[in-house]
Amino acid sequence: MLTLATTTPSEPEIFASLQGEGASVGKPSTFVRLSRCNLACHWCDTAYTWRFSGDNRPHTDGLDFAREANQVKLEEAEVAQMVAALKPDRLVLTGGEPLLQGAALARMVAALKELRGEFHVEIETNGSVAPHPALDPLIDQFNVSPKLAHSGNPASLALIPERLAAYAADPRAFFKFVIAERSDIEEVLGLVAAHSILPSRVFLMPEGRDSATLRARARWLGDLCAEHGFNFTDRLHIHLWGDTRGT
Ligand SMILES: C[S@@+](CC[C@H](N)C(=O)[O-])C[C@H]1O[C@@H](n2cnc3c(N)ncnc32)[C@H](O)[C@@H]1O
Ligand SMILES: Nc1nc2[nH]cc(C(=O)O)c2c(=O)[nH]1
Ligand code: SF4
Ligand SMILES: [Mg+2]
């Protein structure tokens, strides 16, 4: 059983769109948004996946209860069928933190590949959770977004050195840092040096949930990327459709 976020009160958040961020930006992709997270970023644009009134216990894989208006429980086979029915041959698993439901995701992706054959599968992850061993070999690309101090998470929860080292050693992983202020680059440089990450695998992305904020921050963030040899990524979906569920 998978716990998904919802668009309207009961519709699971499964939708075809364009990858809006990072190394695959612009590519037609189907998104599956899982519920729940192990972190709590101040500026999270999908806090409805994890900020529940009166109950914020962390999710553990295999729990089969739906308790909040923003969640729906579906069988893995049903999710696979919904993804297979949409056009794209690329899948982006996101959330919330999708790796909290790794075992169920492995069953879903295996079922999808049975239905549709080869599929490119990306995971959006905060980089603090290890992929389930059954899921790991089914993933083509990890979009790892480690959370800096301005996210408001304790570093002891958000930046797990062994986990970041494992992603740094994995050629499938790209690193996508959310940047709110110029000085945030210092923390990025420290992490990149500590884990010997090539700049060509690093993306800097402005924090923002509207076009005007993204554009204003892009002006100085682009210069910082050029200076340090990092990739810049915008948030294409925000410019095209705004901060809207299901896009
Ligand atoms: C909602 S998260 C879900 C996946 C995973 N929990 C993570 O943080 O990577 C998807 C992406 O959106 C980014 N994000 C969330 N809120 C944002 C904001 N206000 N501005 C810019 N990026 C944001 C995250 O850093 C992450 O790269
Ligand atoms: N179009 C689009 N691209 C995205 N790339 C990463 C997203 C996410 O929320 O993880 C996202 C999203 O929500 N929409
Ligand atoms: S880790 Fe991702 S889903 Fe969780 S609070 Fe941060 S941005 Fe939101
Ligand atoms: Mg998003």
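To test your reading of the geometry: what angle, between 0 and 90 degrees and rounded to tens, separates the Cα axis of helix 211-228 from the longest principal axis of the chain?
60
Would you please give the FRET efficiency between Arg219 and Trp241, computed as 1/(1 + (r/R0)^6) with r the Cβ-Cβ distance and R0 = 35 Å, to the nearest 0.05?
About 0.95, to the nearest 0.05.
For an R0 of 45 angstrom, estimate the FRET efficiency from the Cβ-Cβ distance between Asp136 and Ala212 and round to the nearest 0.05.
After rounding to 0.05, the efficiency reads 0.70.
Multiply the residue separation of Lys73 and Leu157 by 0.36 nm, subtract the distance between their alpha-carbon atoms, and state the gained length in nm to one decimal.
Here the answer is 27.5 nm.
Per DSSP helix of 4 or more residues, -39500 (n - 2.57); summed, then divided by the residues of the chain. What does that give at 222 nm, rounded to the nearest 500?
On the way: 7 runs with 71 residues, N = 247.
Taken over the chain, the calculation gives -8500 deg cm²/dmol.
Run the quick spin-label model on Ala85 and Leu115: label points 7 Å from Cα toward the beta carbon, then report their separation in nm to one decimal.
Going from the Ala85 label point to the Leu115 one covers 0.8 nm.
May I ask for the longest run of the chain untouched by GluC sites (Glu not before Pro) that are loop-located per DSSP and have at most 16 neighbouring C-beta atoms (other than their own) within 10 Å?
1-74
Zone of Lys27 (label point 7 Å along Cα→Cβ, backbone N under 19 Å): which residues in region 208-237?
Within reach of a label on Lys27: 231-237.
Could you grab the Rg to Rh ratio for region 2-203? Cα atoms only, Kirkwood for Rh.
Ratio of gyration radius to Kirkwood radius: 0.95.
Readers should treat all values here as calculations from the given coordinates under stated rules, not as data from a laboratory. Not measured: the values here are computed from a predicted model. Heads up, the Cβs are rebuilt from the backbone with ideal geometry, glycines too, and the neighbour counts pull from every protein chain shown.
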